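Notes follow the structure.
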Amino acid sequence: MTAQVNPDEVELSAIRAQGPGGQNVNKVSCAVHLRFDIGASSLPEHIKERLLAVSDQRITQNGVVVMKAQQSRSLEQNKEEALRRLQELVDSVAVLPAVRRATRPTRSSQRKRLDSKTKSGQTKAMRGKVSE
């Protein structure tokens, strides 16, 4: 079960893109600046808590996700890209990590480990000076 981000809760604004592009980049605002307030969203509480706990540079101290999309020359494609990346971020915390259960090594694996240690120790002991 994945939590869907409500597009109405996302604040998108068009800004001018960075980088090369000549006159076009100077006059067309096709990059998208996305802001998403985690606390005010309709996401389930456990997902909100896990999102706020993630150490991601795109999440501010106030709990606002800030992203910038400027890959495409199309404003619509950049909006879709920003929303897709936000959804990926939410999906990444929605999946619970598998609980690790501590196991013990088997007797056979312990014996093999000790035998190999003994064998390598004997090999190293043979490397000493030869005395007659």
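Points to keep in mind about this one:
- Test for Gln87: is it outside any strand (DSSP E or B), closer than 15 Å to Ser13 by Cα and either at pLDDT 90 or above or acidic (Asp, Glu) (or both): no
- Residue match in the range 105-115 (condition: among the small types (Gly, Ala, Ser), in a helix (DSSP H, G or I), open to solvent by less than 100 Å² (accessible area, probe 1.4 Å) and free of Cβ contacts under 8 Å to residues at least 12 places away in the same chain): yes
- A single entry from Ile47, Ile59 fulfils the requirement of being touching a strand residue (DSSP E or B) at 6+ places or on another chain (Cβ under 8 Å) and within 30 Å of Pro97 (Cα to Cα): Ile59.
- Count - residues of the range 34-54 that are open to solvent by less than 80 Å² (accessible area, probe 1.4 Å) and of a type in the set (Lys, Arg): 2
The rows are residues; the columns are (1) more than 17 Å from Leu86 (Cβ to Cβ); (2) hydrophobic (A, V, I, L, M, F, W, C); (3) open to solvent by less than 50 Å² (accessible area, probe 1.4 Å); (4) touching a Ser or Thr at 6+ places or on another chain (Cβ under 6 Å).
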residue	(1), (2), (3), (4)
Val10	no, yes, yes, no
Pro20	yes, no, no, no
Val32	no, yes, yes, no
Asp56	no, no, yes, no
Ala69	no, yes, yes, no
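- When residues of the range 90-104 are limited to those that are among the small types (Gly, Ala, Ser) and part of a loop (DSSP other than H, G, I, E, B), the one surrounded by the fewest Cβ atoms within 10 Å (Cβ to Cβ): Ala102
- Arg50 under 19 Å from the mean Cα position of the chain (by Cα), free of Cβ contacts under 8 Å to residues at least 60 places away in the same chain, within 16 Å of Glu11 (Cα to Cα) and part of a helix (DSSP H, G or I): no
- Counting the residues of the range 1-20 that are small (Gly, Ala, Ser) and out of contact with any strand residue (DSSP E or B) (no Cβ under 7 Å at 6 or more places or on another chain) gives 2.
- Ala3 vs. criteria surrounded by 14 or more Cβ atoms within 10 Å (Cβ to Cβ), in contact (Cβ under 8 Å) with a residue 24 or more places away in the chain and in a loop (DSSP other than H, G, I, E, B): yes
- Meets criteria (of a type in the set (A, V, I, L, M) and touching a Leu at 6+ places or on another chain (Cβ under 6 Å)) for Val93: yes
- Condition broken by Lys79, with the remaining ones in (1) open to solvent by less than 50 Å² (accessible area, probe 1.4 Å); (2) touching a strand residue (DSSP E or B) at 6+ places or on another chain (Cβ under 9 Å); (3) modelled with pLDDT of 90 or more; (4) part of a helix (DSSP H, G or I) satisfied: (1)
The values are calculated or read from the model by the stated rules, or taken from the named source; none is laboratory data. Source: prediction; values computed, not measured. When we count neighbours, we look across all protein chains shown, and the Cβ atoms used for this are built from the backbone with ideal geometry, even at glycine. These accessible areas exclude ligands, DNA and RNA; they are computed on the full protein's heavy atoms, side chains included. Shrake-Rupley method; radii C 1.70, N 1.55, O 1.52, S 1.80 Å.
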